[in-house]
Amino acid sequence: MQLQENQKVVLITGASSGIGEATARLLAQHGMHVVLGARRTDRLELLAAQIRAAGGSADFHGLDVTDADDVQTFVLAAHKQHGRVDVMINNAGVMPLSRLDALKLKEWDRMLDVNVRGVLYGIAAVLPLMQVRRAGQIINIASIGAYTVSPTAAVYCATKFAVAAITEGLRQEVGGDIRVTLVSPGVTESELADGISDEQARAEMKEFRKVAIAPDAIARAILFAIVQPADVDVSEMVVRPTAGH
Ligand code: NDP
């Protein structure tokens, strides 16, 4: 696959559904080459084929963001194939909500592994490449849960507070060369709440998520941050339903 010289190479984790999928479609429509990563490769294969059929440019790799080597391989394969990584979107996330006294330790670990370690591994994989070029953009997806806490969401919010802290710290350290962007969605249609095993938390979330925006709304915010001139860093955006959370 021969890319044009000025065509941005954008890597997206968690591209098999929801916000990641919508972002892949929109960025490809705007001429960027998207590299899709997630565990469900059947979905990625279909999405890449749909993007190509619509005239866009995409490829995909199976990826588990909780495995640092896997993330490194994902990034290095794209770099080898295309000669550069312009944008890394650390989007993969999980949200199995429950009260702390339900003691769902495995779910706490999974949230920490995917939402925090996954983002750190994504940063670790692209940062040396971007530092050599003194260019690039890292976009981390947090949440309105990065700004406030509510019952059943303590651990999820903790992971998103962490994403916000990591992103701001990264911006302060490398922001002179590399653009660093935090995008925090409010309630957005996706499969995110499907992984809630706790019945009460699931019922409460159903109510909370009654008003949701389409994932394309988050994709448009991400696109906005990417298409700014190289000397403009959109460092933080919150995008939520007008009449919801
Ligand atoms: P989805 O559940 O639709 O998508 C989550 C994506 O993450 C999937 O593509 C999934 O792919 C991927 N993923 C999960 N675990 C892993 C893993 N171990 N390795 C690689 N990929 C993984 O939810 P959203 O699109 O809503 O979520 C995207 C981001 O947006 C998340 O960070 C979420 O916290 C955040 N967010 C979403 C909000 C919402 O209301 N939807 C609100 C605020 C923030 P696969 O299972 O194939 O690996």
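The values are calculated or read from the model by the stated rules, or taken from the named source; none is laboratory data. Here the structure is a predicted model, which is why all the values come from computation and not from measurement. Don't worry about glycine lacking a Cβ; one is built from the backbone with ideal geometry, like all the others, and counts go over all protein chains shown. In case anyone asks, the SASA skips ligands and DNA or RNA and just uses the protein heavy atoms, side chains included. Shrake-Rupley method; radii C 1.70, N 1.55, O 1.52, S 1.80 Å.
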Inspect the stretch 95-115 for any residue being under 19 Å from residue 38 (Cβ atoms), among the small types (Gly, Ala, Ser) and buried (at least 17 other Cβ atoms within 10 Å of the Cβ) and give the result as yes or no. no
Taking into account only those residues within the stretch 18-44 that are assigned to a loop (DSSP other than H, G, I, E, B) and either more than 22 Å from residue 72 (Cα to Cα) or without any contact (Cβ under 8 Å) to a residue 12 or more places away in the chain (or both), which is nearest to the ligand (Cβ to nearest atom)? 30
Among the numbered criteria (1) under 21 Å from residue 118 (Cβ atoms); (2) within 16 Å of the ligand (Cβ to nearest atom); (3) open to solvent by 70 Å² or more (accessible area, probe 1.4 Å), which single criterion is violated by residue 210? (1)
Might you let me know whether the stretch 52-61 holds any residue that is outside any loop (DSSP other than H, G, I, E, B) and touching a Phe, Trp or Tyr at 6+ places or on another chain (Cβ under 9 Å)? yes
Quick one: in the stretch 124-144, of everything that is within 16 Å of the ligand (Cβ to nearest atom) and closer than 13 Å to residue 182 by Cα, which residue is surrounded by the fewest Cβ atoms within 10 Å (Cβ to Cβ)? 144
Kindly indicate whether residue 194 is farther than 18 Å from residue 171 by Cα, over 17 Å from the mean Cα position of the chain (by Cα) and surrounded by fewer than 14 Cβ atoms within 10 Å (Cβ to Cβ). yes
Kindly list, by first and then second residue, each pair from a residue in the stretch 174-187 that is charged (D, E, K, R) and in a strand (DSSP E or B) to a residue that is more than 9 Å from the ligand (Cβ to nearest atom) and open to solvent by less than 10 Å² (accessible area, probe 1.4 Å), limited to pairs with Cβ atoms under 8 Å and residues at least 6 apart or on different chains. 179/137; 179/138; 179/225
Selection count where residues are within 13 Å of the ligand (Cβ to nearest atom), within 20 Å of residue 111 (Cβ to Cβ) and touching a residue at least 40 places away in the same chain (Cβ under 8 Å), scope the stretch 188-207: 8
